């Protein structure tokens, strides 16, 4: 019985050691952008913003990716992505497991030369979209808003550690090898006794 307990303890130790040594990779938190249809003059705003992790940020470097489309029936669609546009955060961005909130002077996505732009500014209560230097919608309100904090996205998936298949396979092989060695020692000990 003592041998079995020792075997399981060694196996558990090996698993925990490997789990601790493996560096988990985080995909971040991806949010679906709020489409405030009542305040967009027939335009729709759809897409995602991905933030590195949960927390409150004052730098746009916390935003790792974005892909947002501004479109209206019978009009062209305009896309804002981390490949096609820049991002400026002049306020506070708060990422939680449920919502992405902006406060202060806000967040803007803009194409080169600021010809096309999406802008959320809770401080001056302005929310607008601009295409080819012309404002296509602009309102002094945004919903949902809560005392100067605007929810501009809701989480589509939370950050979950991802296990690298190569690391997982190596860990299983190592554990199987350790268990085989322990079993072989146990058999030898019972033969000698």
| said: Taking the criterion of being modelled with pLDDT of 90 or more, in a helix (DSSP H, G or I), farther than 30 Å from residue 177 by Cβ and in the same structural domain as residue 120 (by TED's automatic domain parsing), would at least one residue in region 66-84 satisfy it? | reply: no
| query | Only one of (1) at pLDDT 95 or above; (2) part of a loop (DSSP other than H, G, I, E, B) fails for residue 31. Which number is that? | reply | (2)
| Do we have residue 88 as in contact with a strand residue (DSSP E or B) (Cβ under 7 Å, 6 or more places away or on another chain), assigned to a strand (DSSP E or B) and either assigned by TED's automatic domain parsing to the domain that holds residue 59 or touching a residue at least 40 places away in the same chain (Cβ under 8 Å) (or both) here? | yes
| Residue list for region 37-52, restricted to those being in contact with a strand residue (DSSP E or B) (Cβ under 7 Å, 6 or more places away or on another chain) and part of a loop (DSSP other than H, G, I, E, B) | 40, 41, 43, 52
| message | As an exercise: evaluate residue 138 against (1) in contact (Cβ under 8 Å) with a residue 60 or more places away in the chain; (2) farther than 23 Å from residue 51 by Cα; (3) surrounded by fewer than 17 Cβ atoms within 10 Å (Cβ to Cβ) and give the number of the one condition it does not meet. | response | (1)
| Any residue in region 153-173 that is at pLDDT 80 or above, buried (at least 16 other Cβ atoms within 10 Å of the Cβ) and under 28 Å from the mean Cα position of the chain (by Cα)? | yes
| message | Here is a check on your reading of the model: is residue 124 modelled with pLDDT of 80 or more and surrounded by fewer than 13 Cβ atoms within 10 Å (Cβ to Cβ)? | response | yes
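The values are calculated or read from the model by the stated rules, or taken from the named source; none is laboratory data. Fair warning: this is a prediction, and the values are worked out from it, not measured in the lab. Counting neighbours? That spans all protein chains shown, and the Cβs are built from the backbone with ideal geometry, glycine included.
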